[in-house]
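*Asks:* This is the structure, below, for whatever I ask next.
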Amino acid sequence: MLGQFMRILPLKRTYLQVKNTLLQYYCKRQNSGTGNNFGCERDIEQFIVENTEVVNDRNLTPEIRLRLFTPNCQFWHARPDLWPFANPYWAIYWPGGQALTRYVLNNPEVTRNKKVLDLGSGCGASAIAAKISGATYVLANDIDPVAAIATKLNCELNGLEPLPSMTENLIGSEPEGWDLVLLGDMFYEEALADCLHAWLQGCIQNHGTRVLIGDPGRAHLESHSISRQLCPMAQYELPESVREENYGLTSSTVWQYQPEL
């Protein structure tokens, strides 16, 4: 399943609300005769634990352990229709997120004593790095509730208390007073890029928020007008395994967004 997912979706496309997640999985368990009732967070945690592999190598941040999909996991090879949830973006450590997380770990002063938002947090790696690096408060925001549970498990893997999480779509909402917004691999659709551009401008204009973007060179970022307002902070060569999984992308860059206000 994940092998097909990575082939047809190398650049992370659809930004969808998860609907009927628990009901879908409950029905599959009932039809297969496995388990009794399903519907609590603990059941989803168990499912994630049983169907992911703990990884801390073959990426840019060996200091952080994450539960991810790998070729050793059954759903990597299974038919996509057998997967009970929405597309598992949280189970893949995307190259933009890797670069962003590496940058935060290398430069702890960026997040130290800061109020930080990890937007589109996925597996939670950047949020975890911000907390490890001394952030006062970190919110992991992803509209997929399964991602929130995966982030909780990944926090535990790294000796952290679960971070606050929110599944409401914050893009387009009234900006709060964040000191720092982190977003990796979010510029994968033109419409989303437009919304992000406007919302991030509001964060900076209203609150002086610093914005850091991790991206491996996606067309929707490089061709967007926002690209003219980005300042490169760091570039990282991707490990060979990450290159193979991402269609030969060789590096990933961390940008600071500096709009003309």
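The values are calculated or read from the model by the stated rules, or taken from the named source; none is laboratory data. These figures come from a predicted structure and were not determined experimentally. Virtual Cβ from ideal backbone geometry, glycine too; neighbours counted across all protein chains shown. With ligands, DNA and RNA removed, areas are computed over all heavy atoms of the protein, side chains included. Shrake-Rupley method; radii C 1.70, N 1.55, O 1.52, S 1.80 Å.
*Asks:* Determine the pairs where a residue that is modelled with pLDDT of 95 or more, located within the stretch 173-187, has a partner that is open to solvent by 20 Å² or more (accessible area, probe 1.4 Å) with Cβ atoms under 6 Å apart, the partner being 6 or more residues away or on another chain.
*Replies:* Close Cβ pairs satisfying both conditions: Trp178/Lys115; Asp179/Lys114; Asp179/Lys115; Leu180/Lys114; Leu180/Arg210.
*Asks:* Cβ-Cβ under 7 Å, sequence separation 6+ or interchain: first residue in the stretch 126-142 and at positive phi, partner surrounded by fewer than 24 Cβ atoms within 10 Å (Cβ to Cβ) and not in a helix (DSSP H, G or I). Which pairs?
*Replies:* Gly134/Arg112; Gly134/Asn113
*Asks:* Within the stretch 75-103, take every residue that is assigned to a loop (DSSP other than H, G, I, E, B) and not aliphatic (A, V, I, L, M) and give me the one that is surrounded by the most Cβ atoms within 10 Å (Cβ to Cβ).
*Replies:* Top of the filtered list is Trp94.
*Asks:* Test of understanding: among Thr136, Thr111, which residue is buried (at least 20 other Cβ atoms within 10 Å of the Cβ) and modelled with pLDDT of 95 or more?
*Replies:* Exactly one of Thr136, Thr111 is buried (at least 20 other Cβ atoms within 10 Å of the Cβ) and modelled with pLDDT of 95 or more, namely Thr111.
*Asks:* Out of the residues in the stretch 210-261 meeting the condition of being aromatic (Phe, Trp, Tyr) and more than 16 Å from Leu200 (Cα to Cα), tell me which one is surrounded by the fewest Cβ atoms within 10 Å (Cβ to Cβ).
*Replies:* Ranking the qualifying residues of the stretch 210-261, first place goes to Tyr247.
*Asks:* Can I ask one more? Has the stretch 168-179 got any residue that is closer than 19 Å to Gly214 by Cα and not in a loop (DSSP other than H, G, I, E, B)?
*Replies:* No, every residue in the stretch 168-179 fails to be closer than 19 Å to Gly214 by Cα and not in a loop (DSSP other than H, G, I, E, B).
*Asks:* Next question, about the same structure. Could you please find all residues in the stretch 57-74 being open to solvent by 20 Å² or more (accessible area, probe 1.4 Å), of a type outside the set (Lys, Arg) and either at positive phi or over 16 Å from the mean Cα position of the chain (by Cα) (or both)?
*Replies:* Once the filter is applied, which keeps residues that are open to solvent by 20 Å² or more (accessible area, probe 1.4 Å), of a type outside the set (Lys, Arg) and either at positive phi or over 16 Å from the mean Cα position of the chain (by Cα) (or both), the stretch 57-74 yields Asp57, Pro62, Glu63, Pro71, Asn72, Gln74.
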